[in-house]
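Input: a single structure, listed below in structure tokens.
The values are calculated or read from the model by the stated rules, or taken from the named source; none is laboratory data. Source: prediction; values computed, not measured. Backbone-built Cβ (ideal geometry, glycine too); neighbour counts: all protein chains shown.
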């Protein structure tokens, strides 16, 4: 085999290995891994923000008082950022989690300022935000959802299925995401 052909073959294997590593989440069962692959397939069309909007996702969330909240890019002073959240209010308000239909889509600006899909977010109101809300943290992908902002009272879980996140596939923040 020629050195050039060998180099191409090794390069292709390295790229494939990197892709598989990004798709594999340590600690998840094979069923959880399959769920993540199914979520990627179900949300791939939302790389086109117009398709997300047509499907009922909108920037931010309108709370019970009629106030639109979470409309800016969400960032943390040391942990990185999440990005811009596009929520489907009907999916949040139904108080259920469907792995293939995430309540939120998270976008981050690229170098040209264009928003690109980086994660999905599962959201269910807790008792603090809705008297009919969920009293026990739901579990998805084997991970218990958390209330990040007690004053808001929503259980959430991010899945960084469209962006490499050194903090972890299911971490709340990504050091690789920026709001600028």
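Go through the stretch 134-159 and give me each residue that's part of a strand (DSSP E or B) and within 21 Å of residue 34 (Cα to Cα). Selection gives 139, 140, 143, 144, 156, 157, 158, 159. Residues considered: 142, 113, 83. Of these, the only one that is out of contact with any helix residue (DSSP H, G or I) (no Cβ under 7 Å at 6 or more places or on another chain), surrounded by fewer than 20 Cβ atoms within 10 Å (Cβ to Cβ) and at positive phi is 113. Examine the stretch 111-123 for a residue that is touching a strand residue (DSSP E or B) at 6+ places or on another chain (Cβ under 8 Å) and in a loop (DSSP other than H, G, I, E, B), and state whether such a residue exists. There is no residue in the stretch 111-123 that is touching a strand residue (DSSP E or B) at 6+ places or on another chain (Cβ under 8 Å) and in a loop (DSSP other than H, G, I, E, B).
Conditions tested, residue by residue: (1) within 19 Å of residue 158 (Cβ to Cβ); (2) in a strand (DSSP E or B); (3) out of contact with any strand residue (DSSP E or B) (no Cβ under 9 Å at 6 or more places or on another chain).
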residue	(1), (2), (3)
53	no, no, no
83	yes, yes, no
101	yes, no, yes
108	yes, yes, no
132	no, no, no
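Checked against the criterion of being within 19 Å of residue 122 (Cβ to Cβ), assigned to a helix (DSSP H, G or I) and at pLDDT 90 or above, the stretch 22-35 contains not a single residue that satisfies it.
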